Amino acid sequence: MKFRTSLRYRIAIAFALLGGVISLVLAVALYWLTVNMEQRLVAETLSTELEDYIQRYNKDPATRPPANTVMRTWVLDRDNSAGVPAELHELDAGLHQVQLDGRNFYAEVKVAGEHRFMVLYDAARIRQREQQYRVFLAVAVLIMAVLSAALGLWLAGRLVSPVSELARRVRLICPEGQPLLMGQDFPRDEVGFLAAEFDAYQERLHAFIERERGFTADVSHELRTPLAVIEGAAEVLGEDSQLDEAQRTRVRRIARAAREMTEMTSALLDLAREQRADEVTARCRVDELLQQVVDSHRYLLERREVSVQLDITARPELPVACALLRVVLSNLVRNAFSYTEQGSVHIMLDAEGISVADTGAGIPEPQQGRVFEPFYSAQGGEGIGLSLVLRICQNYGWEIHLDSRPGEGTRFRLDFNTPDPN
């Protein structure tokens, strides 16, 4: 699940919702209780008023019924119902809410002997107070929600501050450097436990990186001596005048394989050192190296009708170990030559990068996203070259892009992302 807001704001929103819901429930309950108590109070008041008048009426039928601006009283019998609204004639004994001429009234009816006593109370003021009370409750709910949000935001800041501090320290962690221990700086709670787990993970990661560096460096160093022996032996064999052309071809092939292996071990050693562009003092002429790589791989096209077009429009120099750049260029050129049976290979060098385009079989679209994965090959082979190319590019901040259409060809574009000298 993805969240678009920070943890602090999510806590504040939760507090606001909780405060709003609770205050709304309380407001509804208070409103219901108030209205219910108001109705009971009106019923008791009218009933008391009517009981008092009935007692006085029984003593003196000429007693005037109570009346004022909000209340009127009638005595009804079979012969006397004049002046009484028709809506009140059929009311039973008890409290009623009636509407006369668009206005709301409470009507209390009591029966005593042959007489029906009725008091009518104007509810306009009561309805007005209820309306004001509803507005008051709505404003109170809104204020409660705002205060809850403010309180939640403040509490969230206090609660999330250890997590924010842990996140800040985690951002400072460099996998290649020494572990940055954090567990002792946090209390023994969930955040402290998480910090301790980060410490343990850093130690495991640091140990793994050290083992990888050591293994890569040791293998690179150990392979240099036998490779130098193979190259020397191949050079001596190549100068033997008794060899025929087929044997010389095999010797040249051995020499090329030894030379490529030497370049690979040098590249692995440089990668193990993890030198970046700003740490390299030597500079490599890209145009000269590209020309050497193209010439050294032309043997792959000896029996194919494939033309090679090399366009050099700029001569950039890069702060990179030439062995690493040779590995990148060799893989791109070798793939283009190896998988193009006929047509052309167009290699272009400009100030921003290198593009290698061929008219080979292309790479199926489902496989294009995996060509840079280790040990994966879309067209056969070991599947190591392009993964190593990607690793070198990432190490130096370069970008490599693939554009391939099955049946039409493949184009690799390597962008150096060199800074603007101006």
Problem - Only Lys, Arg (+1) and Asp, Glu (-1) charged, at Cβ; the chain dipole about Cα centre in debye - result: 1000 debye
Problem - Relative packing of 18-27, 158-167, which averages over residues the other C-beta atoms within 10 Å, highest first - result: 18-27, 158-167
Fill in the blank from the handout: Scoring the chain by relative contact order with C-alpha pairs under 8 Å, at least six apart, yields a percentage of 10 percent
Handout entry: Cα gyration tensor shape for segment 277-415, rounded if a/c is under 1.5, else prolate or oblate
Key = oblate
Problem - Per-residue Cβ neighbour rank within 10 angstrom, fewest leading, SER241, SER330 - result: SER241, SER330
Fill in the blank from the handout: Checked segment 280-359 with the C-alpha gyration tensor, a ≥ b ≥ c its square-rooted eigenvalues, rounded below a/c of 1.5, otherwise prolate if a/b is larger than b/c and oblate if not; verdict prolate
Handout entry: Mean separation of Cα contacts under 8 Å, 6 or more apart, over the residue count of segment 277-415: relative contact order %
Key = 23 percent
Practice task
May I ask for the distance between the Cα centers of segment 239-261 and segment 98-119, given as a whole number of Å?
Solution key: 123 Å
Fill in the blank from the handout: In the chain the DSSP beta bridges are antiparallel at a rate, in percent to nearest 5, of 85 percent
Practice task
Starting from the Cα gyration tensor of the chain, take the square roots of the eigenvalues, sort them a ≥ b ≥ c, and report rounded, prolate or oblate (rounded when a/c is under 1.5, otherwise prolate if a/b is larger than b/c, else oblate).
Solution key: prolate
Practice task
Positive end of the charge dipole of the chain (Lys, Arg +1 and Asp, Glu -1 on Cβ, about the Cα centre): tell me which of PHE186, LEU243, LEU18 has its Cα farthest that way.
Solution key: LEU18
Problem - Ranking of ILE392, ILE13 by count of other Cβ atoms within 10 Å, fewest first - result: ILE13, ILE392
Handout entry: Fewest-first ranking of HIS89, HIS346, using other Cβ atoms within 10 Å as the exposure measure
Key = HIS89, HIS346
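Throughout, read-outs are computed from the coordinates displayed, never taken from laboratory work. From a predicted model like this one, the values you see are computed outputs, not experimental measurements. All Cβ positions, even for glycine, are placed from backbone atoms using ideal geometry, and neighbour counts span all protein chains on display.
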